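*Asks:* Handing you a structure now.
The values are calculated or read from the model by the stated rules, or taken from the named source; none is laboratory data. Not measured: the values here are computed from a predicted model. Here the Cβ is made from the backbone with ideal geometry for all residues, glycine too, and neighbour counts use every protein chain on show.
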Amino acid sequence: MSRSKMADVARAAGVSKMTVSRALREGSVIAPATRQRILAVVERLGYAPEEAARNLSSRRSGFVAALVPSLNNPQFAETVRALTETVEGSGLQVLIGHTNYEAAREERLVGEFLRRRPEALVVTVDGHSAATRRMLAAADVPVVEMWDWPTRPVRHVVGFSNKDAARDLTRHLIERGYRRIAFVGETESDGTRGAKRRDGYAAAIRRSGLGPPRIHNHAPPPISMLQGRDALREVLRQWPDVDAVMCVSDPCAFGVLTQAQAQGIDVPGRLAVAGFGDFEVSRCCLPALTTVVVDAAEIGRRAGLLVASLRGRGNEGAVRKQELIRIPVRVEPRGSTGG
C-alpha cells in the first residue's frame, strides 16, 4: 500500500497543503472546524507526516521504534534487550514506546514514531485500534508484529499463537484428570493476547464436553500478584467445587497459589494452578508453577534479524514481501498440577 501524502489530505479536506501543515502543528492559528475536518481525513487516510527531511526519502534515521505494553515485565524486557543487541550490529538503535496495554496510547505513539520516520516499527500485538492498523498498513517502512500470531497480520510477524498455547495448557489439565477448570483473565481485553488465551481455554473446555467455561475476568491488564490473590477468592465464591485454576499469566497464577496456601488449600491435591509465560517466579515458588514456556529473547532476536534483513533489501522489497516467523512454545508441567 502506498503511503498517503500531504497533498492527498489537502485534496480530501478541500484545503491547501499549507493549511494541512498548520492544522498538524501545536499552537497554530486555524479555525477549529477546519482543524477537525483535516484531522478526520488524516485518521481516515492513515497519514503520518514526517517531521524532518520530508522530501528526502532516501535519508536514514538510524533508529527502530519498538512498542511494548510494559516496561517492568521481564518478558518484554528480554525481548527488547535481544532486539536491541541484534539491530546494533546493523548500526541501528532502538527507541522504545510504552503502551501500558492501552490501544489509544499505542495509536498516539505509532503516529508520533512515524512522523520521525523510523527505519522499522516493531509492535506488540495487543488489540490495535482501527486507526493504528491504517497507519501501520500505510507506513512505507517495515512493520513487524510480535508476541502473537494474528489472523490478519498488518505485514510481518514474529510470534506464536496465544490461543493455541492456552488450548494446549488446558488440554494438559484435562489429561491430568481435572474437570472443573476455571480461567482467571483480564477485563478490557478485546483483541488482546490475554483474550486469545481465554479463547483457547474456552475452546478446549467446550471440545472436551466439560460444560460451559468458567471464566472470571478480574482486572485490566496486566493482572498483578495481589490481584491474583483476590481473584481466587472470587473464583471460589462463584464455583466452590473448582479443582483447577488456569491464569492469563504467571504473576496472576503466583497470586492464586499464595492465596490457596494462605487458606490451607492443598496445591495440587485439592486445587491445581497453572500460569502462562514462564516468568522466573514460576520456577522459584513452591510448588513450581505449570506454565507455557515462551522464549522472549528469541522473539526479540528474530525480530531484529528480520528488521536488518528487510532494511537491506530496500524500501519496496521491505514493504511488499511478507515474512511470517513462528516461535516454538511449549507447556511445561510442574508441581502445581502434579508434575
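*Asks:* Of the conditions (1) closer than 20 Å to Gln75 by Cβ; (2) buried (at least 17 other Cβ atoms within 10 Å of the Cβ), Ala139 satisfies every one except a single condition; which number is it?
*Replies:* (1)
*Asks:* For Val125, indicate whether it is within 13 Å of the chain's Cα centre (by Cα) and hydrophobic (A, V, I, L, M, F, W, C).
*Replies:* yes
*Asks:* Checking the condition of a type outside the set (Asp, Glu), surrounded by fewer than 18 Cβ atoms within 10 Å (Cβ to Cβ) and in contact with a strand residue (DSSP E or B) (Cβ under 6 Å, 6 or more places away or on another chain), which residue from Leu109, Leu121, Leu71 passes?
*Replies:* On inspection, the qualifying residue turns out to be Leu71.
*Asks:* For Val94, are the conditions met, namely being closer than 18 Å to Asp295 by Cβ, of a type in the set (A, V, I, L, M), in a strand (DSSP E or B) and touching a strand residue (DSSP E or B) at 6+ places or on another chain (Cβ under 9 Å)?
*Replies:* no
*Asks:* Something else: On the given criteria, is Leu232 touching a strand residue (DSSP E or B) at 6+ places or on another chain (Cβ under 6 Å) and buried (at least 22 other Cβ atoms within 10 Å of the Cβ)?
*Replies:* Spelling it out, it is not the case that Leu232 is touching a strand residue (DSSP E or B) at 6+ places or on another chain (Cβ under 6 Å) and buried (at least 22 other Cβ atoms within 10 Å of the Cβ).
*Asks:* Could you figure out which of (1) in contact with a helix residue (DSSP H, G or I) (Cβ under 7 Å, 6 or more places away or on another chain); (2) at pLDDT 95 or above; (3) at negative phi isn't true of Leu324?
*Replies:* So Leu324 meets the others, but not (1).
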